[in-house]
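None of the figures in this text is laboratory data; all of them are computed from the coordinates on show. All values reported here derive from a predicted model rather than from experimental measurement. Please note: Cβ atoms are built from the backbone with ideal geometry, for glycine as well, and neighbour counts cover all protein chains shown.
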Amino acid sequence: MRITDIKVNLDGIKTKINGAIDDGFMTFAHAELKRLSDKYVPFGYYNKESVGAKDKGQGGILAGSAIPSAEYLEYAVPYAHYQYAGKVMNMRTKTYTGAELQYTTEKHPLAGKEWDKAMIRSEGHTFTRILGKALERRLK
């Protein structure tokens, strides 16, 4: 599962910052998205058998597993999408059952579905400030 929707309104200053938002900046933005949203990501451990993975090493902890790049923030575990959607999935048929997931909040009290959106609602101002300062440094 990949999170790709980072929207920054740059109208009015596009010509000034042309070139400043490059792959390095976007990788930084996705790394910050990971850092700020990790406390909203379900912590649960799933082994490869419980999620139906056939390849060795496809289990693990979802929280902290995201890999930032210039294009997206990727959660490269087989169960990430249904955790993000908040729906119970039949692992045999790979279809949603219609039931809502119940998240454990023992290690991450804020964990839930659509964790990037939850972070933006709570800490969007911080995320915007960090990206703004990084952009400002690039423009000097």
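Below is a table of values for the structure above.
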{"item": "Where labels lie 7 Å past Cα in the beta-carbon direction, separation of residue 69 and residue 85 in nm", "result": "2.3"}
{"item": "Footprinting exposure proxy for 127, 28 (fewest neighbouring C-beta atoms within 10 Å first)", "result": "28, 127"}
{"item": "Estimated inter-spin distance, residue 140 and residue 117, nm [label 7 Å along Cα→Cβ]", "result": "3.8"}
{"item": "Distance violations [Cα-Cα > 18 Å] among 34/113; 39/107; 39/117; 39/133; 87/107; 39/87", "result": "39/133; 87/107; 39/87"}
